[in-house]
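Below is one structure, written out as structure tokens, with a few remarks after it.
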Amino acid sequence: MSGWKIPLITPEVDDQDARAVYDVVLAGDVAVGREQEHFERIVTDITGAKFGVSLSSGTAALHLALLALDVGPGDEVIVPDLTYIASANPVRYVGAAPVLVDIKPDDGNVDVDILNDFIEERVRRNYILPKAIIAVHVLGEPCDMEKLLAISKNYGIPIIEDAAQSFGATYGAGKLAYKATGSIGKFGVLSFSGNNIVTTGGGGMLLTNDGALASKVRHLSTQGKLANNNFDHNVVGYNYRLSNIAATLGIVQAKKLSAFIKAKRLIYYRYRENLELISNIRMIAINPINNGSCWLSTAVFQDKKTRIKVEASLRSNGIECSTLWTPIHKQAPYIEAPFVGAGVSVDLAERSLSLPSSTSLRESEQKEVIDTIISTLVHI
Ligand SMILES: Cc1ncc(COP(=O)(O)O)c(C=O)c1O
């Protein structure tokens, strides 16, 4: 229990989920079992990716994607500047350096034009190119994968899609119509942590359409153990496999994904209808053509001072809310990392506030959030 009258995001776990886990625990299939493969199949059916390797976290999935692409010391990797820090940390795990690229003010996703200019400039100067691009679908909103794929093709730079916040989101038009986030790049990363749309209590999955890469990742995720039953290992691997208990929860949760997304989208639209009536307040945009997951509804205020006032007022009324992430280039481990852009990430992060977005949020609770925001703004 969070202790908040209205929490920011709580997982929606019910009796059916608990019973499934109970049964698998009693059967003794806690670490390894049929449910792992079953869960992978459900997720690949949903996303359309050919292969899915279930892992202990989304961070582990990013780490293994970078290793599988042979990213290492001396390499650079593009990472958007406004995202959860887990998008950047695995770049450092493999000894590579992130290049942080600014974002767009409307939806908070990476500014592909800035990214493209950066790469073109590198080409003009005959400098080394980034070894990979981590494309994040921030807050569940699909980023501009069509343009990113063109860059990837032009310069031979693979894309790792960080779809941790956008499981189930799809493109609605153009070349990528009906394709799900995470199924398009060389790799796609999902997270099933406690606040993600489908939870396994902690877990992730790496998606790919390349069978050889999928095998490489699975091998790395199980300590690099060879299949000869002799405890022989041919590489330094990792203990990154998802437990069978977690996979069991994932199966029941994933079956509810479309209902969860429907609920999240309804929440987003209700905030937008009500809050955008007030001048100088807007929601972080979604592209109406696509089907974003609306994982976390986030409002943008006219300035930082207003955001701070609304934040304090919500909290004092028992309503949990959260600022967006501090831009990566402003965080201690990345202060020296190159940042490309004018600082849209800083401005958006200062003025934004994420609002309660649990799939189980009741309409009356959402009304209370909206009323609290409006009455705070009226008294400023
Ligand atoms: C954008 C993004 N990338 C990566 C991760 C890491 O996932 P995990 O917490 O499962 O390691 C998260 C977590 O939600 C995330 O939001």
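The values are calculated or read from the model by the stated rules, or taken from the named source; none is laboratory data. Since we're looking at a predicted model, the values are computed, not measured. Cβ sites come from the backbone with ideal geometry, for glycine too, and all protein chains shown count toward neighbours. The protein model used for the area step is the full one, side chains on, heavy atoms only, and it has no ligands, DNA or RNA in it. Shrake-Rupley method; radii C 1.70, N 1.55, O 1.52, S 1.80 Å.
Annotations
- Filter result for Gly237 (farther than 19 Å from Asp70 by Cα, modelled with pLDDT of 95 or more and surrounded by fewer than 20 Cβ atoms within 10 Å (Cβ to Cβ)): no
- Scanning the stretch 39-60 for residues that are closer than 14 Å to Phe167 by Cα, under 15 Å from the mean Cα position of the chain (by Cα) and not polar (S, T, N, Q) turns up just one, Gly58.
- Candidates in the stretch 253-289 are the residues that are touching a Gly at 6+ places or on another chain (Cβ under 6 Å) and buried (at least 22 other Cβ atoms within 10 Å of the Cβ); of these, the one that is nearest to Ser360 (Cα to Cα) is Ile261.
- Residue within the stretch 274-283 that is over 15 Å from Glu40 (Cβ atoms) and assigned by TED's automatic domain parsing to the domain that holds Leu176 present: no
- Test for Val30: is it within 19 Å of Ile197 (Cα to Cα), hydrophobic (A, V, I, L, M, F, W, C) and open to solvent by 30 Å² or more (accessible area, probe 1.4 Å): no
- Among the residues of the stretch 201-212, those identified as in contact (Cβ under 8 Å) with a residue 60 or more places away in the chain, open to solvent by 20 Å² or more (accessible area, probe 1.4 Å) and more than 11 Å from the ligand (Cβ to nearest atom) are Asn209, Asp210, Gly211.
- Any hit, the stretch 302-325, residues being within 28 Å of Val79 (Cβ to Cβ), in a strand (DSSP E or B), outside the structural domain of Asn196 (by TED's automatic domain parsing) and not hydroxyl-bearing (Ser, Thr, Tyr): no
- Subset of the stretch 301-323 [β-branched (Val, Ile, Thr) and farther than 25 Å from Ser364 by Cβ]: Thr306, Ile308, Thr323
- Boolean, Ile286 is among the β-branched types (Val, Ile, Thr) and modelled with pLDDT under 95: no
- Sub-6 Å Cβ pairs linking a first residue in the stretch 144-168 that is polar (S, T, N, Q) to a second residue that is open to solvent by 10 Å² or more (accessible area, probe 1.4 Å) and outside any helix (DSSP H, G or I), at least 6 apart or interchain, are Gln165/Trp295, ordered by first then second residue.
- Condition met for Gly250 (open to solvent by less than 70 Å² (accessible area, probe 1.4 Å) and not in a loop (DSSP other than H, G, I, E, B)): yes
- The single residue among Ala97, Ala27 that is away from the ligand (no atom under 14 Å from the Cβ) and in contact (Cβ under 8 Å) with a residue 12 or more places away in the chain turns out to be Ala97.
- Selection status of Asp107, within 29 Å of Ser193 (Cβ to Cβ), open to solvent by less than 50 Å² (accessible area, probe 1.4 Å) and either outside the structural domain of Ile42 (by TED's automatic domain parsing) or charged (D, E, K, R) (or both): yes
- Here Gly292, Gly341, Gly318 are screened, and the one residue that is open to solvent by less than 60 Å² (accessible area, probe 1.4 Å), farther than 30 Å from Asp117 by Cα and either in contact with a Gly (Cβ under 6 Å, 6 or more places away or on another chain) or in contact (Cβ under 8 Å) with a residue 24 or more places away in the chain (or both) is Gly318.
- Single residue of Thr181, Thr222 found to be farther than 17 Å from Phe39 by Cα, in contact with a His (Cβ under 6 Å, 6 or more places away or on another chain) and at pLDDT 95 or above: Thr181
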